[in-house]
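Please read the structure below before turning to the comments.
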Amino acid sequence: MRTKEVPRTDWVHYFENFCNRYHRWPVSLEVFSPEIGAQTEVAHTPLEAIAADVKNSRSDCIAITVGSEFNHHITHIVREPIAVYEEISDAGTAAALEVVAIDGSKTLLRF
């Protein structure tokens, strides 16, 4: 496996392509932060969307939506993201996606 950092200037386009490729793939969503430790929000749930709203300000965010039905989905918001990393499997597909926020928290999307 290898890990690559996604440049901030590519986030919007990168997430559009990423979602087209991995839409509806089952994922687990985990959050790690100094305040709450490690928490699993969902497991084995279809990926619906990832979108970046990046204007180089404190209102920047990345929204990750998972779930299979309109009534049963979760949108996790990462506020003030500073880095995005993709872990790529030996087969060339995504193994994980990590979003790091300015407060030190990390959101991990595992395939």
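Here are the numbers for this structure:
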{"quantity": "MRE, 222 nm, helices only [DSSP H, n ≥ 4, -39500 (n - 2.57), over the chain, to nearest 500]", "calculated": "-3500 deg cm²/dmol"}
{"quantity": "Gained length - M1 relative to R110, 0.36 nm times residue gap less alpha-carbon distance", "calculated": "37.9 nm"}
{"quantity": "Gain upon complete extension [A51, A95; 0.36 nm per residue less C-alpha separation]", "calculated": "14.0 nm"}
{"quantity": "Y85, Y22 arranged by Cβ crowding within 10 Å, fewest neighbours leading", "calculated": "Y85, Y22"}
{"quantity": "Descending semi-axes in whole angstrom, ellipsoid equivalent of the chain, from the Cα gyration tensor", "calculated": "19, 17, 15"}
{"quantity": "Förster radius 25 Å - calculated FRET efficiency between E35 and I77, Cβ distance, rounded to 0.05", "calculated": "0.95"}
{"quantity": "Global geometry of the stretch 42-91, whether rounded, prolate or oblate, following the gyration tensor of its Cα atoms and the 1.5 cut on a/c", "calculated": "oblate"}
{"quantity": "Neighbourhood net charge (10 Å Cβ-Cβ; Lys/Arg +1, Asp/Glu -1) for A94", "calculated": "0"}
{"quantity": "Rh by Kirkwood over Cα pairs, then Stokes-Einstein D for the stretch 1-47 at 1.567 mPa s and 4 °C, µm²/s", "calculated": "101"}
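Readers should treat all values here as calculations from the given coordinates under stated rules, not as data from a laboratory. Keep in mind the model is a prediction, meaning the values are calculated, not measured. Note that we place each Cβ from the backbone using ideal geometry, even for glycine, and neighbour counts take in every protein chain shown.
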